[in-house]
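Input: a single structure, listed below in structure tokens.
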């Protein structure tokens, strides 16, 4: 897989992974491309095209082998490796993420939490201690940190993101309502802008119903 | 604005709104298309194209009038109207959303919270009482509910979504990790699938660094 795969295809992969995981939980070992297409509400040709980007996994007259396809898509998504994750900002959103067990099944391991609030520093969330921001640098230098989730207010997010990149953190899961302006283009940023999502909802309501 | 505007354009609108809001807060009244383009890191021609979908707002040799454009995009996004929102599932994620003050500035008004946990029913979040699920139907029938945010586990999300649609709720902000399968196609659904976002991050890490 040397060619560049479009982000549109990549964005659809987790959905395949999710549906295949559910099939697997229900004990389904094999599914025809027609059934998968009806289940996921995308055309069989779209599925074929998407999976062909990674070499294709279907067999004419057999369909898809569910456990095999699930594993392969997991590998494509890098879920066969452990990713250590830290959370910066332990408000409700940080807590929600820290407590979302599903992530662990996907190979994401929470290794530290950081906050500036002295009232919660030292407390534990699922056995992981909340540390002060002063400890961030040492922690990042002495531990493998793959992903930093930024769940603090936007005013400080850009600064902290820069600092993290200097300390060798290469991936940021950004919930702060700001576009991070990072010097190193190889840093991977995934934004979850909740307000943007709500505004899109509002647009569609206005268009359909008002 | 009779023609259908693509969701790709719509997805970019909140970002314009956010940048224009920040310019406005900094007291900027007018911006050239070149400056706006550099600030937002999109081409001036992309900006022109996007805004032309709604009639275009720039003037040759003047650039964009910031307060005017901000207001107009706000109207396009339906932010000049109040949207009443209820939250179903008052765990950490539900709390995070309930406490996110930014939403109110955008015209979204939290009117009720619902949960099944008897230990928290009756408690208040920012003056809004947490109600039991038994009260949901009455509440929806007697109050204008524009949006329901689903922040409960995925096992019950689809059922509750169906029920909400029967009660006349037309827009769902879905955080449950499942695609809702709703009978009424006019219902507006906006998904925030956190795991999908994390998997996409994982893919990009794997591709870039491993």
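Bear in mind these aren't lab numbers, they're just calculated from the coordinates by the rules spelled out. Predicted model only: the values in this text are computed from it and were never measured. Methodologically, a virtual Cβ is constructed for each residue, glycine included, from the backbone with ideal geometry; neighbour enumeration extends over all protein chains shown.
Quick one: angle between helix B:66-76 and the longest Cα principal axis of chain B, in degrees between 0 and 90, rounded to 10, please.
40
Applying 1/(1 + (r/R0)^6) with R0 = 22 Å to the Cβ-Cβ distance of residue A:166 and residue A:5, what FRET efficiency is obtained, to the nearest 0.05?
Step by step, r from the Cβ atoms, then E = 0.15.
Between copies, how far apart are the residue A:105 label points? List them in nm, one decimal, shortest first, with each point 7 Å from Cα toward Cβ, please?
3.7
If we hang a label 7 Å off Cα along the beta carbon direction at residue A:184, how far is it from the matching labels on the other copies, in nm, shortest first?
Once sorted, the set of distances for residue A:184 reads 5.0 nm.
Report for chain B the percent antiparallel among DSSP-assigned beta bridges with both residues inside it, nearest 5.
Approximately 20 percent, going by the DSSP bridge assignments.
With a ≥ b ≥ c the root eigenvalues of the C-alpha gyration tensor of the stretch B:7-76, is it rounded (a/c under 1.5), prolate (a/b larger than b/c) or oblate? Could you put the intermediate results ahead of the total?
On the way: a/c = 1.33, a/b = 1.15, b/c = 1.16.
Taking the square roots of the gyration eigenvalues as a ≥ b ≥ c, the stretch B:7-76 is rounded.
Pick out which of A:154, A:102, A:129 has the largest mean-square fluctuation in a Gaussian network model of chain A, springs linking Cα atoms closer than 10 Å.
Answer for the Gaussian network model of chain A: A:102.
Run through the DSSP bridge list for the protein assembly as shown and note the antiparallel percent, rounded to the nearest 5.
Within the protein assembly as shown, antiparallel bridges account for around 20 percent of the total.
Between copies, how far apart are the residue A:22 label points? List them in nm, one decimal, shortest first, with each point 7 Å from Cα toward Cβ, please?
3.7
Once you put a point 7 Å from the Cα of residue A:53 and another 7 Å from the Cα of residue B:116, both along the Cβ direction, what distance in nm separates them?
That separation, rounded to one decimal, is 3.6 nm.
For the stretch A:83-196, give me the percentage of DSSP beta bridges that are antiparallel, rounded to the nearest 5 percent.
Beta bridges within the stretch A:83-196, antiparallel portion: roughly 10 percent.
For the stretch B:7-76, what is the relative contact order in percent, using Cα pairs closer than 8 Å and at least 6 residues apart in sequence?
Averaging sequence separation for qualifying contacts and normalising by length gives 43 percent for the stretch B:7-76.
How would you classify the protein assembly as shown from its alpha-carbon gyration tensor, with a ≥ b ≥ c the square roots of the eigenvalues: rounded for a/c under 1.5, else prolate if a/b is greater than b/c, otherwise oblate?
rounded
What is the distance in Å between the Cα centres of the stretch A:20-58 and the stretch B:73-120?
Their Cα centres are 36 Å away from one another.
Listing B:196, A:35, B:181 from the residue with the fewest other Cβ atoms within 10 Å to the one with the most, what is the order?
Ranked by crowding around the Cβ, least crowded first: B:181, A:35, B:196.
Of the candidates B:91, B:61, B:107, which one comes out as most mobile in a Gaussian network treatment of chain B with C-alpha springs shorter than 10 Å?
Among B:91, B:61, B:107, the largest GNM mean-square fluctuation belongs to B:61.
Using r as the Cβ-Cβ distance of residue A:126 and residue A:189, and R0 as 30 Å, what FRET efficiency do you calculate, to the nearest 0.05?
Numbers: r = 26 Å, r/R0 = 0.86.
The value I calculate is 0.70.
Which residue fluctuates the most in chain B, going by a Gaussian network model with Cα springs under 10 Å, if the choices are B:98, B:155, B:112?
Top of the fluctuation ranking is B:155.
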